[in-house]
Structures are given as structure tokens and as C-alpha cells.
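Below: the structure, in C-alpha cells.
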Amino acid sequence: MKILTVIGARPQFIKAAPVSREIRKHFKEIIVHTGQHYDENMSNIFFEELNIPKPDYNLNVGSGNHGEQTGNMLIKIEEVILKEKPDAVLVYGDTNSTLAGALAASKLLIPVIHVEAGLRSFNKAMPEEQNRVLTDHISDLLFCPTETAVKNLKREGVEKGVYNVGDVMFDSILYNIEIAKKKSNILERLGLKEKEYILVTIHRAENTNYKEKLTNIFNALKDSNEKIVLPLHPRTRKFINDYGIEVGQNIEIIDPVGYLDMIMLELTAKKILTDSGGVQKESYFLDVPCITMREETEWIETVEDGWNVLVGSDYEAILNAIRFFMPKGEKHDYFGNGHSSERIVEIVNRTLQK
């Protein structure tokens with residue numbers, strides 16, 4: 001039995017690591033890297049640190065407009081599927097790589113497995129929302145990270161092949177946190193002390209594509225007078241330069257970091273500001289207050305528990321949250337028990353053998 005796994009972006013590498021370990025105990029796995037993230041710090045280092053097998057195919061698609069990028073992936077993934085003839089195609093999350101992999105498989109009548117199914121921000125202006133909705137409606141096995149995701153699918157009439165297995169990113173954190181503590185020296189390299197800095201990540205188009213929003217964010221960071229550490233996404237760096245945004249002296253911009261370094265930066269931060277879905281969850285897993293620079297989130301459990309607050313790109317809201325926001329709720333076991341990957345592979349094995 002052969003599983004063809006399509007990945008292409010940093011969050012997908014993190015999700016694939018624990019699942020791939022389990023898949024290879026039962027199946028032959030073919031890994032296709034679309035090349036959506038191709039920078040060394042956004043791609044190769046993750047394969048090395050997470051011990052993900054070297055991709056069997058690298059499509060080298062690179063950046064581009066959404067239609068162009070997705071179309072190029074679709075053409076190339078279809079060629080690989082026709083050559084490899086897998087029993088199923090597995091995709092993760094909500095990127096253009098996700099949609100392209102699912103579409104290519106569905107058109108060829110190959111079963112589609114979607115890990116991290118059922119998430120909804122209910123904002124169709126987000127490319128990620130479009131990708132996840134479309135992928136869910138052509139998938140055969142839908143592995144949800146939370147009960148909320150299962151309910152989202154049910155409201156859309158999707159009930160067959162749906163399983164709440166927990167979150168594979170929780171698996172990954174549990175597996176790697178002690179490794180990170182031993183191997184990462186990021187705090188020493190940057191001269192940081194625990195709980196004396198705020199970690200920030202910004203990459204979503206809803207923030208970067210608008211000069212006023214990105215300026216508001218950087219003004220709030222500057223005026224907070226906190227020590228800010230910002231691993232800067234290449235797209236965000238481009239927009240900062242294009243807009244001529246002034247970066248405050250309290251903001252230390254660094255290149256994107258690997259997974260182990262990122263875990264340590266998250267774990268030892270005083271607070272985290274982000275527009276990333278994955279970082280919101282990791283903050284929650286690691287007991288660090290999270291301030292999300294979006295108007296909505298697909299990870300509503302983190303907000304309901306009081307560990308995450310939504311501030312959008314509003315200057316005052318960001319500044320107030322940096323100064324005053326503190327968690328005020330108990331955490332719950334929304335995201336499983338750290339064995340989601342095993343559950344996924346057990347269900348896939350049972351289903352494909354029929």
C-alpha cells in the first residue's frame with residue numbers, strides 16, 4: 001500500500017513529521033514537496049531537525065499569484081500521481097499545496113486524506129479559508145483536530161469519513177520539546193533572558209498587504225517599549241521596505257528560525273503576538289499568553305479558554321494587550337492526548353485495507 005504525501009509550507013513540515021513516522025511503519029510513503037516554501041530557513045532546516053525523510057519529488061514551484069502557483073502545482077502533482085499510482089493522497093492544512101494535492105487526486109479518483117480538516121474562520125476573503133473548505137468537500141477521510149471542527153463539517157453536510165483525532169501539532173510539540181531544550185542555543189545567541197521579551201510573527205496577507213495595518217502594528221510594537229524579537233518572513237520584510245515603515249529600536253529583527261529554535265523562543269517568551277494559526281496553538285500548548293493580530297481565528301478554543309485575545313491590526317488594542325492581557329481561564333484537553341498520528345494511521349490502515 002502506497003501513500004503519497006503532499007507538503008510545501010513550514011507548518012505542513014511540522015505536521016508531517018509525526019504522521020510520517022507512523023505511516024512508514026505500515027505503508028510505503030512517497031513525499032512530494034511542492035516548493036511553496038523554498039528558503040533554507042523556511043524549508044530545508046525543518047526536514048533536517050524533524051528527521052523528515054528527504055522528499056522523493058521537489059516540484060520547485062516557488063512563489064507567484066495564487067492561481068498561477070496552485071495551477072503549476074496541480075499540473076506537476078498530477079504527473080507524479082500518474083507515475084506513482086498511490087492508494088491515497090494525503091494533504092495537510094490549508095495552503096495552495098493542500099488544495100492542489102487534493103484536486104489532483106480527486107480528479108484521478110484517488111482517495112484524499114485531509115489532516116487538520118474542518119477548521120473555519122468564516123472569512124472567505126482569506127485564501128486559507130477557501131483552500132480548506134474546498135479541500136474538505138473533496139476529501140474521503142477528514143481528520144479533525146477538535147470537536148469544533150467536526151461540528152463545522154456537519155453544518156456543511158460533511159459527515160462521512162470524519163474523525164476527531166486530536167492535533168498532530170500537539171504530537172510534535174510533545175515529541176520535540178525536550179530535544180529543543182537540549183539542542184537549541186537561540187537564547188544565548190540572541191542574548192535573551194527568559195520572560196523578558198515578546199515574540200512576534202507576522203506573515204498573513206490581511207496584515208502585510210495593507211500599509212496602514214502594517215504601520216499600525218509596528219507603531220504599537222515600537223510604543224510598547226518592550227523588547228521585541230521578530231523572526232521576519234521574507235514577504236513581510238519586502239512590504240516593510242516597500243512601505244518605508246520605521247522599525248523601532250526595541251525591535252530585533254532576525255531571519256526565520258528552525259523548529260527547535262522556534263519552540264524555545266515561544267516557550268521562554270513573556271507573551272506572543274502573531275497572525276499565525278500554528279503559533280496560536282503552540283502558545284496554548286506551551287502556556288504562553290497569545291495576542292492574535294486577526295479579526296477572527298479558526299482556533300476559537302484558545303480564545304474561549306482565555307489564553308488568546310484577538311486584536312486585529314488596531315494600534316490601541318495591540319498596545320493594551322501587550323501591556324495588560326493575561327490569561328484568565330483554565331485550559332482544556334481540546335487537542336487530544338499527543339497520539340493523534342497513531343490514530344490517523346490506524347484509521348487509514350483499516351479503511352484502505354477494505
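Numbers below:
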read-out	value
Options Asp287, Asp223, Asp261; residue that is under 20 Å from Glu301 (Cβ atoms) and at pLDDT 95 or above	Asp287
Number of positions in region 298-351 that are within 30 Å of Glu29 (Cβ to Cβ) and not β-branched (Val, Ile, Thr)	16
Selected residue [without any contact (Cβ under 8 Å) to a residue 60 or more places away in the chain and either surrounded by fewer than 15 Cβ atoms within 10 Å (Cβ to Cβ) or in a helix (DSSP H, G or I) (or both)] from Asn337, Asn241	Asn241
Of all residues in region 295-334 being of a type in the set (Ser, Thr, Tyr) and touching a Ser or Thr at 6+ places or on another chain (Cβ under 7 Å), the one that is surrounded by the most Cβ atoms within 10 Å (Cβ to Cβ)	Tyr334
Subset tally (residues that are over 22 Å from Glu178 (Cβ atoms) and part of a helix (DSSP H, G or I)) for region 264-316	9
Test: Ser121 is crowded, with 18+ Cβ neighbours inside 10 Å, at pLDDT below 95 and over 29 Å from Glu49 (Cα atoms)	yes
Hey, Glu346 out of contact with any Phe, Trp or Tyr (no Cβ under 8 Å at 6 or more places or on another chain), surrounded by fewer than 16 Cβ atoms within 10 Å (Cβ to Cβ) and outside the structural domain of Ala9 (by TED's automatic domain parsing) or not	no
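Per-residue answers, yes or no, for (1) part of a loop (DSSP other than H, G, I, E, B); (2) under 27 Å from Val303 (Cβ atoms); (3) touching a Lys or Arg at 6+ places or on another chain (Cβ under 9 Å); (4) not small (Gly, Ala, Ser):
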| residue | (1), (2), (3), (4) |
| --- | --- |
| Gly118 | yes, yes, yes, no |
| Glu129 | no, yes, yes, yes |
| Thr135 | no, yes, no, yes |
| Thr148 | no, yes, yes, yes |
| Val158 | yes, yes, no, yes |
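The values are calculated or read from the model by the stated rules, or taken from the named source; none is laboratory data. Keep in mind that this is a model prediction, so the values were computed, not measured. With ideal geometry, Cβ positions are generated from the backbone for all residues, glycine too; neighbour counts draw on all protein chains shown.
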